[in-house]
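S.K.: Quick one: the structure is below, questions incoming.
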Amino acid sequence: MTYQTITSETKGAVTLITINRPEALNALSTKVLSDLMEAFSVFGDDDTQHCAVITGSGDKAFAAGADIKEMVDKPAADFFLEDFFSGWNKLTASIRKPWIAAVNGFALGGGCELAMMADFIIASENAKFGQPEIKLGVGPGMGGSQRLTLAVGKAKAMDLCLTGRMMDAEEAERAGLVARIVPHDKLMKEAMKAAETIATMPPMAAMVNKEMVEAAFETTLTQGLLHERRLFQILTATEDKAEGMKAFVEKRAANWKGR
Ligand code: HXC
């Protein structure tokens, strides 16, 4: 499958998706969204694929935000009538398998928001995160005010949204936005290694673990604990649970069935 604004390639059980508009610092145009929708749909439907990595092409940017040139002359009524940016919610909701953002440079505005949609972020030491939309007379539109606040708390989310400043990888890791920082030239190797590790896990358990953690952002503790227990109990009915526990007891590697 070929795309206009991204590339998508399978490497073993991992799908590597690269936003490919380096001339615009990988700005997220409407076409990027529709290409990503297609690529993630192919990833979701392919039973040989168990984890995805998303990154930006070039050395400078993961994505420098939504495409400002696409928005500059757009009438307000069109933003409303198209429910502009709502497609990103549909994209996120449709991805049931784990995916990692490998942030190689600027992750600003929509770029930061896309990285936060992923299950976790591995950042190059050169990564820079921010929600600078206020400088354009707007605010985050793809989830930044919500996901950033949930990730780093009110103080830093307010600081970033109101001043529009960037934070570097170290600050982002300290704040809990980033899972790991790696040397710039090792970013893809480390992100692919993490994805390959995830891809060796029993696939249903991987999907359920993702769903369990996601529930923490949606619900009360009591409901979340119940949801977790029920999902755990459902997993005990899988062939992979029987195999995983038997393999442990027999001191051998498990042979996953994926069901
Ligand atoms: C369209 C963009 C872009 C963007 C960069 N470019 N960001 N095009 N949309 N978000 C383009 C530039 O126009 C330029 O192309 C080329 O990429 C290189 O960018 P430069 O600015 O020349 O690079 P540099 O001087 O190194 O500065 C890098 C930067 C800066 C600090 C990242 O590009 C920047 O501030 N970008 C915008 C960041 C931003 O505000 N993001 C939030 C977007 S709004 P040309 O051809 O012109 O030379 C958003 C949600 C909005 O995400 C919600 C609204 C409802």
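S.K.: For the range 1-120, what class follows from the C-alpha gyration tensor (a ≥ b ≥ c being the square roots of its eigenvalues): rounded when a/c is under 1.5, otherwise prolate if a/b is larger than b/c, else oblate? Working shown, then result.
M.R.: Details: a/c = 1.91, a/b = 1.43, b/c = 1.34.
Prolate is the answer for the range 1-120, as a/c is 1.5 or above and a/b outweighs b/c.
S.K.: Running a GNM on the chain with Cα contacts under 10 Å, which residue among F85, F232, F248 ends up with the highest mean-square fluctuation?
M.R.: Comparing F85, F232, F248 in a Gaussian network model of the chain, the most mobile one is F248.
S.K.: Continuing with the same structure: Once phi is turned into θ = phi - 60°, what whole-Hz ³J(HN,Hα) does the Karplus curve with 6.51, -1.76 and 1.60 give for every residue of the range 195-212, x standing for Gly and Pro?
M.R.: Per residue, the Karplus-derived 3J(HN,Hα) values read 5, 5, 4, 4, 5, 7, 7, x, x, 5, 5, 5, 5, 6, 4, 4, 5, 4 Hz.
S.K.: Once amide H atoms are placed 1.01 Å from N in the peptide plane, what residues at a sequence separation of 5 or more from A27, or on another chain, have their amide H within under 5 Å of its amide H?
M.R.: A64
S.K.: To test your reading of the geometry: what angle, between 0 and 90 degrees and rounded to tens, separates the Cα axis of helix 221-235 from the longest principal axis of the chain?
M.R.: 50 degrees
S.K.: Apply the Karplus parameterisation 6.51 cos²θ - 1.76 cosθ + 1.60, with θ equal to phi minus 60°, to every residue of the range 173-188 and state each ³J(HN,Hα) to the nearest whole Hz, in sequence, with x for glycine and proline.
M.R.: In residue order, the calculated couplings are 5, 4, 7, x, 7, 10, 7, 8, 10, 10, x, 3, 6, 9, 3, 5 Hz.
S.K.: Skipping prolines and chain starts, which residues have an amide H placed within reach, meaning under 5 Å, of the one on G56, given they are 5 or more residues away or on another chain?
M.R.: Amide H to amide H, under 5 Å and 5 or more residues apart or across chains, G56 pairs with I19, N104.
S.K.: Using a Gaussian network model of the chain whose springs link C-alpha atoms within less than 10 Å, name the residue from R21, R165, R180 with the highest mean-square fluctuation.
M.R.: For the chain, modelled as a Gaussian network with Cα springs under 10 Å, the answer is R165.
S.K.: Which three extents, in whole angstrom, do the alpha-carbon atoms of the chain cover along their principal axes, largest first?
M.R.: Cα spread of the chain along its principal axes, largest to smallest: 63, 43, 39 Å.
S.K.: Report the local net charge at R180: Lys and Arg +1, Asp and Glu -1, summed over other residues whose C-beta lies under 9 Å from its C-beta. Mind showing how you got there, number by number?
M.R.: Numbers: positive: none; negative: E173, E190.
Within the 9 Å Cβ shell, the charges total -2.
S.K.: Rounded, prolate or oblate for the range 184-259? Axes are the square roots of the Cα gyration tensor eigenvalues, ordered a ≥ b ≥ c, and the cut-off for rounded is a/c under 1.5. Before the final figure, lay out each step's value.
M.R.: Working: a/c = 2.86, a/b = 1.09, b/c = 2.61.
It is oblate, given that a/c is not under 1.5 and a/b is not larger than b/c.
S.K.: Give, as a single signed number, the net charge of other residues whose beta carbon lies under 11 Å from the beta carbon of A194, with Lys and Arg counted +1 and Asp and Glu -1.
M.R.: Working: positive: R180, K189, K193; negative: D119, E190, E196.
Taking every Cβ under 11 Å from that of A194, the sum is 0.
S.K.: I'd like the Karplus ³J(HN,Hα) series for the range 91-103: coefficients 6.51, -1.76, 1.60, θ = phi - 60°, whole numbers in Hz, and an x wherever there's a Gly or Pro.
M.R.: Each residue of the range 91-103 in turn: 4, 4, 5, 8, 8, 9, 8, x, 8, 10, 9, 9, 8 Hz.
S.K.: Say we join alpha carbon atoms closer than 10 Å with springs in a Gaussian network model of the chain; which of A27, A102, A151 then has the biggest fluctuation?
M.R.: A151
S.K.: While we're on this one: In nm, what is the difference between 0.36 nm times the number of residues separating E250 and A215 and their Cα-Cα distance?
M.R.: 9.2 nm
S.K.: Check T15: other-chain or 5+ apart residues with amide H under 5 Å from its amide H, H built from backbone geometry?
M.R.: H50, C51, A52, V53
S.K.: Suppose a student asked you for the relative contact order of the range 6-200, using Cα pairs under 8 Å spaced at least 6 residues apart; what percent would you report? Intermediate results must be reported in sequence, preceding the final value.
M.R.: Numbers: 388 pairs, mean separation 41.0, N = 195.
Normalised by residue count, the contact order of the range 6-200 is 21 percent.
Where a number appears in this text, it was derived from the coordinates with a stated rule and is not lab data. Here the structure is a predicted model, which means the values were calculated and not measured. Note that each Cβ is placed from the backbone with ideal geometry, even for glycine, and that neighbours are counted across all protein chains shown.
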